[in-house]
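All remarks here apply to the structure that follows.
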Amino acid sequence: MLKKLKSLFIVEEPGDQKAKKAENDSKKSAPKSKEAGPKGAAPAPISVSSKADASKGSVSEKFMDILLKSLEANNLDGFDYLEYKQTMQNLGDMDDQAKFQNAFAMAKTMGATSKHLVDTASHYLKILDQEQSKFEVALKNQQSNNITGRKQEIVDLNKVVEQKQAQIEKLNEDIAKHKQAIEKKTAELDGAANKIKRTKNNFAASYQLLTSQIREDVDKMKNYLK
């Protein structure tokens, strides 16, 4: 049934084996479509190509199958718009008026009226509108998960980067302060070392002076006080 519906609305262009097979199946159940019909002829079924321009959008076989399956699942009993469209397709090349009128003549033999055909076509439009609503909900969820969520992740990551950068700047400031402290402590250390060395040398000089005088006096006492 799905292939039959596809033959009513689309013509798949050959691009791979699957597309070629679908095209051959359509040819078995419908007249061969022509690139250019006579002036005023009914519009040809929509062509589905595997090559798509994502920036502009194009008819997708995947979505066409989803939409056609929804029509299939909600197909009305009896002769309705879909059967009428099939009848028009089977008439081959005619202008719009002849095709619609001849198909309607056949439809009337099946008990169909023009109002019934329009009403059933409206029914299928409502089914497609429902599928559009479902798609919009699914698309919104996908946007939330794949776009909005990732945008928030980027915002959060930027905040982390800013925090880390601030931490790096703080660490650099601390390092600079510590280096200054090291320089100061090093200078103090050098000064303390020099002071200790100077103190040691001063003590040694003083000690040497006093001890040398006392030893000199001891020598003189031993020599003079006999």
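The values are calculated or read from the model by the stated rules, or taken from the named source; none is laboratory data. All values derive from a computational prediction rather than experimental measurement. Positions of Cβ are generated from backbone atoms using ideal geometry, with glycine treated the same way; all protein chains shown enter the neighbour counts.
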Could you identify the single residue in Ile175, Ile127, Ile154, Ile147 that is under 30 Å from Ala107 (Cβ atoms), assigned to a helix (DSSP H, G or I) and hydrophobic (A, V, I, L, M, F, W, C)? Ile127
I'm trying to understand the selection: among the residues of the stretch 27-84, which are out of contact with any Gly (no Cβ under 8 Å at 6 or more places or on another chain), at pLDDT below 85, assigned to a loop (DSSP other than H, G, I, E, B) and more than 30 Å from Ala138 (Cα to Cα)? Ala30, Lys32, Ser33, Lys34, Glu35, Ala36, Gly37, Pro38, Lys39, Gly40, Ala42, Pro43
Note on the stretch 73-91: residues under 17 Å from Lys6 (Cα atoms) and in contact with a Pro (Cβ under 9 Å, 6 or more places away or on another chain) are Gln89, Asn90
Among the residues of the stretch 190-202, is there at least one that is of a type in the set (Asp, Glu), at pLDDT 95 or above and assigned to a helix (DSSP H, G or I)? no
